[in-house]
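Only one structure is covered here, and it is reproduced in the block below.
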Amino acid sequence: MDNTQPIIVKRVKKVAGGHHGGAWKIAFADFATAMMAFFLVMWLMSSATPEQKKLISGYFQDPIGFTESASPHVIDLGGTPTPSPDRTLNPELEPAQSEAQIDAQQAETFAEQIERERLELLLQELQNKVDENPELQKFKDQILFEITQDGLRIQIMDAENRPMFALGSAQLQPYFEDILLALVDTIAAVPNKISVSGHTDAKPFSGRSDFGNWELSAGRANAARRTLVIGGYPEDQIARVVGYASSALFDRKDPLNPVNRRIDILVLTKKAQRSIEDEQPAATDSTGAAEGEVAPSGGAAPAAEEPLQPEQLRERLNIFEDGVLQFSQPGEG
């Protein structure tokens, strides 16, 4: 008989004498720091003036300091929360006046954006009209559109075998009248005023001693104006009719190129219109064809990512509504 008893080993776990590590000290220090910062912020907010609160709020909205109430120097070591002079509005203005000034500037910027979009849609609508009208397609290479800072420029140019005017005179050829009459309804659909200018090439006019390219270009511009008015364009919407002779050539490398003989119709922006009405020069030369990139009439609109269909255009442009415009269908001429 086996009397061997099992051996039981009993191990007692020793507990450290009251030491639990130092992590709680770090946590408590972080908590104390956060509470101190919180009470400091509360004290500063209770003692700050409304003007100082506005500056602090503006700084966090725009740290660079370009907002109306922001300052790049929120903490002024001199002890005065004075905004930076080059970042704020006139301190003599009342807050209400300053806000009104900002609102007026924002409204003007927004109006310019809407106006530019309207002109871009008008450009595309004119391009669609050229593409839809078989008669206008014959002169597709002679009709150019472009958006400038002064507005939408429509240029109708001479070709070597298709001049717009009779030689040495301001008498329009019948097909040039048809081009103007086909475009007049679309141009008249926008409230912007227009400027009409005439241009010649550099060949001197030798018909009369008291009549030159200046008189010829002005006479041709005025003949284009008369055709637009006969076609239904409101005469009070014409801001200016002017002749430039050969001072603003389209092809500067070849002054005798027929494309230099052209008529410009500029659908003016409001800013350019005010410049004309105030007898001040516009921001850019409204006759210099070298500015920007000229888009052919069959090309895409400069700022349109995807050209819209005519129906979509007319739906977006509420000015092109039934009863306001009668669009000619292909084959009507």
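Placing unit charges on C-beta atoms (Lys and Arg positive, Asp and Glu negative, everything else neutral), compute the dipole magnitude of the range 97-192 about its Cα centre in debye, rounded to 20.
On the way: 7 positive and 19 negative charges, 74 e Å.
Charge dipole, the range 97-192, about its Cα centre: 360 debye, nearest 20.
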- Find which of Ile179, His199, Ser209 sits farthest along the positive direction of the dipole of the range 149-213, computed with +1 on the beta-carbon of Lys and Arg, -1 on that of Asp and Glu, about the Cα centre. Ser209
- Task: Could you run the Karplus curve 6.51 cos²θ - 1.76 cosθ + 1.60 with θ = phi - 60° over the range 121-137 and give me ³J(HN,Hα) per residue in whole Hz, x for Gly and Pro?
- Result: 5, 5, 4, 5, 5, 5, 4, 5, 5, 5, 5, 7, 9, x, 5, 6, 4
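Could you order the peptides 165-174, 193-202, 219-228, 237-246 from most to least packed, using the average number of other C-beta atoms within 10 Å per residue?
193-202, 219-228, 237-246, 165-174
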- Simple spin-label estimate for Trp214 and Glu117 in nanometres, 7 Å along Cα-Cβ: 4.5 nm
- If the range 100-207 were replaced by its equivalent ellipsoid, with semi-axes equal to the square roots of 5 times the Cα gyration tensor eigenvalues, what would those be, largest first, whole Å? 33, 18, 11
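Any read-out appearing in this document is the output of simple, stated calculations on the displayed coordinates, not a laboratory observation. Just so you know, these numbers come straight off a predicted model, no measurement behind them. As a convention, Cβ positions derive from the backbone with ideal geometry for all residues, glycine included, and neighbour counts pool all protein chains shown.
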